[in-house]
Structures are given as structure tokens and as C-alpha cells.
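Student: The structure that follows is given in the form of C-alpha cells.
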Amino acid sequence: MAKISIEISKGPAAVQLPVNPVALIGSMVDGKPDFATVAAIGSVAHNPPALVTSLQPHRYSLKGIRQNMIFSVNIPSFDQMKESDYCGTVSGANTDKVKDCHFDIFYGKSDKAPLITQCPVNHALEVIEILNLQSHFMVVGRIVETFVSDDCMTNGKLDIDKVKPFLFVSRKYYSMGHYVADNSTIWKEIKLK
């Protein structure tokens, strides 16, 4: 199989891989809840649990994250794709996304990390570090609270098929979360040489 080099004007192009779901990053900006859509979040630690995301410098929600050093990560379901797309294309500096999207907001222990009731999974995070990557600021946060919609649970565990997360890759949306097989089944079938 031949490989090709994909370049942009300032060097090698970043190829966006479908690793993590679309998320709505929430923050309080000047006392008002706001949400920015990001195409990916990532788990970076387990003890304590931490997530990372990146926001462009002009993103209004980044201002709120810096003001309060706490934010939320809300995982929308595929049913909320329209609202998620909207929150990624308009600025909270110019409109009230909560009102426009008819979001029901709730708060955990902090009133500075707005959470969206309609999203099946919600995390409140305290900022550990904000790194300047020139085109983006990488925000690393420690999870301090997690909420899951009860209708997305099966036998006391999160059921990803019920969450219905989705991906945004190359300006297209893809559903994800369909069970294929667990790793113990795969390992029984794999014979390494």
C-alpha cells in the first residue's frame, strides 16, 4: 500500500481521526452560561480522572474557563446534532445559545460549570492547566463530578448504545457507539503468529 504526504501551507496536515465524540464545553462567561462545540475530547488520566480538549483563542467559552477555572463537558446524543452544530457555528458573545437551543441547565457542586440536562453524559471539571498551542489552547481538567441520564444505563452501567454519541470528521457527522464485540471474545478468536 502506497502512502502519500498531505501538506498544508505551514507544514504537515493534521489528520483528524474519529477517536472521541463531539462534546459541548460549558462555562460561565460574565455570569452567563455558554457552550462551545468541540470535535474531540480525550481521556488523559485515570487517577484522578482527567479530560483534555482544545479551543481556539477567539472562542467565547474559553473566556469563561479562564475566568472561573472550572468548566463542563457535555456529551450530546445523535438526536442533539442540530443544537451541537449550532453551538459550534455561532458565538455566545452575540447570542444566548441556551435560549436558542432550548437547553435545560443544571449545576452540580459549582454554579460556574453549567451542565445540559438533555445531554446523556455530563462532567464538571476543574482546570489543571491551559497550554498555548498557538492555533488552540489545550485545556486539561480534572473531573470533579459526573452525571449520567438514568435512561442511558443498563444493569447499573453506562450503555453507549443508549447514549448515541457521534463524531465530526472532515465536516461530516457520523454515529458511533454500536456494540461489535468485547475484547475477551476477540482474544479468543485471535491467533497471533
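Student: Scan the range 132-147 for residues that are buried (at least 16 other Cβ atoms within 10 Å of the Cβ) and either among the β-branched types (Val, Ile, Thr) or assigned to a loop (DSSP other than H, G, I, E, B) (or both) and report the count.
Tutor: 5
Condition check ((1) within 20 Å of Ser43 (Cα to Cα); (2) modelled with pLDDT of 85 or more; (3) not basic (Lys, Arg)) across all residues:
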{"position": "Thr95", "(1), (2), (3)": "no, yes, yes"}
{"position": "Ser110", "(1), (2), (3)": "no, yes, yes"}
{"position": "Cys119", "(1), (2), (3)": "yes, yes, yes"}
{"position": "His123", "(1), (2), (3)": "yes, yes, yes"}
{"position": "Glu129", "(1), (2), (3)": "yes, yes, yes"}
{"position": "Val144", "(1), (2), (3)": "yes, yes, yes"}
{"position": "Asn155", "(1), (2), (3)": "no, yes, yes"}
{"position": "Tyr173", "(1), (2), (3)": "no, no, yes"}
{"position": "Trp187", "(1), (2), (3)": "no, no, yes"}
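Student: Another question, if that's okay. Take the residues in the range 1-59 that are part of a loop (DSSP other than H, G, I, E, B) and in contact with a Leu (Cβ under 6 Å, 6 or more places away or on another chain), then tell me which one is modelled with the lowest pLDDT.
Tutor: If we filter the range 1-59 for residues that are part of a loop (DSSP other than H, G, I, E, B), which is where we start, we get 1-6, 9-10, 13-22, 30-31, 39-41, 47-48, 56-59.
Still in the list and also in contact with a Leu (Cβ under 6 Å, 6 or more places away or on another chain): 18, 41.
Values: Pro18: 45, Ile41: 87.
So the residue we want is Pro18.
Student: Looking at Lys82, Lys109, Lys97, which is the one that is over 22 Å from Lys157 (Cβ atoms), of a type in the set (Lys, Arg) and in contact with a Cys (Cβ under 8 Å, 6 or more places away or on another chain)?
Tutor: Lys97
Student: Where the second residue is loosely packed, with under 15 Cβ neighbours inside 10 Å and the first is acidic (Asp, Glu) and lies in the range 104-125, which pairs have Cβ atoms under 6 Å and are six or more apart or on separate chains?
Tutor: Asp104/Thr117
Student: Here's something else I'd like to know. Tell me, please, whether a residue that is out of contact with any Ser or Thr (no Cβ under 6 Å at 6 or more places or on another chain), over 22 Å from Lys162 (Cβ atoms), modelled with pLDDT of 95 or more and of a type in the set (A, V, I, L, M, F, W, C) can be found in the range 69-82.
Tutor: Yes: one or more hits.
The values are calculated or read from the model by the stated rules, or taken from the named source; none is laboratory data. None of these values were measured; they are calculated from a predicted model. Heads up, the Cβs are rebuilt from the backbone with ideal geometry, glycines too, and the neighbour counts pull from every protein chain shown.
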